[in-house]
Structure formats: C-alpha cells, structure tokens
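Below is one structure, written out as structure tokens; the observations come after it.
The values are calculated or read from the model by the stated rules, or taken from the named source; none is laboratory data. Remember, predicted model here, so these are calculated numbers, not experimental data. With ideal geometry, Cβ positions are generated from the backbone for all residues, glycine too; neighbour counts draw on all protein chains shown.
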Amino acid sequence: MKRWTDLVLIACAGGVAIAQWLGPVSMEGILSALLFGLVVLTVVSRRSAVQFTLDSLTEAHQEQLESERRYRALFDAASDVILVHRFADDGRPGQVVEVNEAACLTLGYSRSQLLAMTAEDVLAPEARSLVRRRATALAEAGTLAYETVQVASDGQRMPVEVTARIVEIGGRRLCLTVSHSIAAHKELEEFLRGLTDVDELTGLLNRRGFFVKVDEVRRRARRGNRQVLLMYFDVDGLKRANDERGHAEGDKLLVAVADVLRAAFREKDVVARLGGDEFAAMALLGRDRDELLDREAIELRLQDALRAKRAELGGEFELSVSFGSMVANHAELGEIDELLARADQRMYSVKRARRQESVAVGVLQRDT
C-alpha cells in the first residue's frame, strides 16, 4: 500500500511540473485535476490505513484473549495452591486478588470468599508471627522459599512448602505464592523420628528424644517466664530382679515404672528412659509462689501412682523408685548435662539415706 501511494504522489508531482512547462493556459485545469486526484488518493489511503490498523488491533486483541485463556487454563490446572495478593509497604500480606481452582478446593473456600480475605487469613496462628520477617527477606531478595502451616475453612492444619515471588502487574506490586503440601513428608518424618526417639521397651522417650525436647522446654520456659522441675529416677532393686528372676521379669519392672511416671506427669511434660534403670522427667512449673505447690503436687501424684501400681501388681514386685529433683530456669537448661548430674547426685543421696535408715531400723529390731 505504501509503495503504491508513493508512486502516485511522484506521478502527480511530475504532472505539476509538466503543467508549469506547458504554460498558464492549461495550468489551471491540470492543477485542479491533480488536486482532486490527490484528495481522492489521500482519502483512499487514509481509509485503507485505518482499516489496516483496525485489523491489526483486532488480531492483537484476539491473540491476547487466547493467551489469557491459555494462562487461565494452566493456572487452574495446577495442583498446588496459588494465591496472588497485594504486597503492602508494612510487610503484611495484603488482600488476595487472584486464586486458582486448587486453592478453593484445598482451603475449602469459594473464590469470592478468598478474594475478600488477606493471605495472612489462611495461616495458622503460630505462623503469623513470622510474616513480617519473611516479607522483609522477600522484599530484599525478590523470591523466597519457606515452610509454614495453612488452615482450611474446617480448621484442618496443612503443612506446606511455599515459594513466594514479587511481581509487577498493571503498575501494582503483588506477591505470587505457590504452596505445595508436605503433609506426607511430615508424617514420614514424624514416623522416623518416633523410631529413633522412643524407647522400644517402655514407649517413653529415649535418651536422644529427651535431649531433643530440652530446647522445646527451654523456649516454653523463656516465653512464659517459668521455672522447670527436673527429676532423675532410679529403679530400686532392678539388678536383683534380673539376677533372681531373669531379664524378662526385670523388663516387666521397667514397664511398670514407666506406667507410674505416665500417671504422675501431665501429657505436656517430658518423660524419658535414659537407659538401664534410669529415668528422667521435665515439667514446667507455675510462676513464683505456685512453683512449690506444683512441685509438691507432682511428688504427691508420683506417690499415688506408685501405690496404685503396687496394688495392681499384688506383690509380684517390690516396686520402688528413688529420685532427686531440682528447679532450673530456661538459661540453666542450657547446661542440661550438668543439671542431670546434680539431680543424679541428689537421688543417690536420698538412696544412701534410705539405706542407712533401713540398716538402723534393722539393728534396732535385733537389739530389742
């Protein structure tokens, strides 16, 4: 089209030059004809150009629509939860602006419900405390991968691995997150940890499991400004039971002691068999004046559980345990080996005192 127009314009310019050479008589008519031709040519050219532009725009629009349809199909076909939300300047997840079908199915909300929420609304309460820190890291790096816990509409907790990326769309700063479920991985991890952290005979934590829990107890104690009761136990007469009745009977005695400790301590306390006839427990105490009361309550429950187990066994075993205890703060728990050694020493002091008392009673009985 452009080449054809250029040729016509060149021809018109040549015609004007010829008309000027021929003379003024024919000049007026020729110029009028040429001007009329130029007007017609311009109208036709502009109309063709406009039509060409409209056709190009229509084609581009159709391609854009087709591209958006393909993108939406891929977006909804993804099996992972995809959320696009505003990235606020204060670091908090802003309002959700787009979700895929998997997000609705997995989280249990309709699309309209999710679009009325913020990305923080689908997080577990304990996971929200890390939002600002992660937002800062994301703003600096542009992309971030981390693990967190999301909560569905029915309250179901879902551990996920999230990949977050900052994107610019339509002049808006947004965050695109893709959440992949790691529930199966976490279940396998817990199962394997159970195989290595649990004492096979008693079902209590083993030595490794006990030391793994120390850090958790330290965090809880520091967060609540609480003291921790540490108790170290020794099963009385286990060696004699093994020697006289065999190790199978000695194992029954260990299981009985484990039952006593389960009954004496709360589910949130830490109870473990460290090995052989040695057991240990950790329990968070109340604050200030409540600490002594809590400690006495635990020792009373221990005595009651021992009496109940003896009655259950009916004299089958001479069930008895010795223990030493001490109270520590969260900082002192950092030296757990030293604390256990001190509790062990206190336990043996109690045991020696009991033996001396037993010997004294025996001598007194013989003298009388």
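Okay, here's what the table says:
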{"quantity": "Test set (1) within 29 Å of Leu188 (Cα to Cα); (2) at pLDDT 90 or above - Val84 fails condition number", "calculated": "(1)"}
{"quantity": "Leu138 being surrounded by 15 or more Cβ atoms within 10 Å (Cβ to Cβ), aliphatic (A, V, I, L, M) and in contact with a Leu (Cβ under 7 Å, 6 or more places away or on another chain)", "calculated": "yes"}
{"quantity": "Failed item in (1) in contact (Cβ under 8 Å) with a residue 12 or more places away in the chain; (2) over 24 Å from Ile336 (Cα atoms), with His247 passing the rest", "calculated": "(1)"}
{"quantity": "Pairs where the first residue, in segment 291-311, is closer than 14 Å to Met231 by Cβ and the second is assigned to a helix (DSSP H, G or I) and charged (D, E, K, R), C-beta under 8 Å, 6+ apart", "calculated": "Ala305/Asp259"}
{"quantity": "Residues of segment 220-274 satisfying the condition of being in a loop (DSSP other than H, G, I, E, B) and under 19 Å from Gln345 (Cα atoms)", "calculated": "Asp236, Gly237"}
{"quantity": "The one condition in (1) crowded, with 16+ Cβ neighbours inside 10 Å; (2) at pLDDT 90 or above; (3) closer than 20 Å to Glu318 by Cα that Val255 fails to fulfil", "calculated": "(1)"}
{"quantity": "Hits in segment 227-252 (condition: within 26 Å of Arg295 (Cα to Cα) and buried (at least 20 other Cβ atoms within 10 Å of the Cβ))", "calculated": "Gln227, Val228, Leu229, Leu230, Met231, Tyr232, Phe233, Asp234, Val235"}
{"quantity": "Cβ pairs under 7 Å, 6+ apart, first in segment 98-121 and farther than 14 Å from Val160 by Cβ and of a type in the set (Asp, Glu), second assigned to a helix (DSSP H, G or I) and at pLDDT below 90", "calculated": "Glu101/Asp76; Glu120/Arg128; Glu120/Val131"}
{"quantity": "Residue within segment 315-337 that is hydroxyl-bearing (Ser, Thr, Tyr), in a loop (DSSP other than H, G, I, E, B) and either more than 37 Å from the chain's Cα centre (by Cα) or under 15 Å from Leu254 (Cα atoms) (or both) present", "calculated": "yes"}
{"quantity": "Strands (runs of 3 or more DSSP E) wholly inside segment 92-196 that include at least 3 residues being at pLDDT 90 or above, closer than 21 Å to Ser79 by Cβ and within 16 Å of the chain's Cα centre (by Cα)", "calculated": "143-151, 157-169, 172-181"}
{"quantity": "Residue match in segment 181-189 (condition: touching a Gly at 6+ places or on another chain (Cβ under 6 Å) and among the small types (Gly, Ala, Ser))", "calculated": "no"}
{"quantity": "Residues within segment 239-258 that are under 19 Å from Ala280 (Cα atoms) and either touching a Gly at 6+ places or on another chain (Cβ under 6 Å) or small (Gly, Ala, Ser) (or both), tallied", "calculated": "3"}
{"quantity": "Meets criteria (assigned by TED's automatic domain parsing to the domain that holds Tyr348, modelled with pLDDT of 90 or more, within 30 Å of Ala221 (Cα to Cα) and not aliphatic (A, V, I, L, M)) for Asp269", "calculated": "yes"}
{"quantity": "For Ser79: the one exception among (1) in contact (Cβ under 8 Å) with a residue 24 or more places away in the chain; (2) assigned to a loop (DSSP other than H, G, I, E, B)", "calculated": "(1)"}
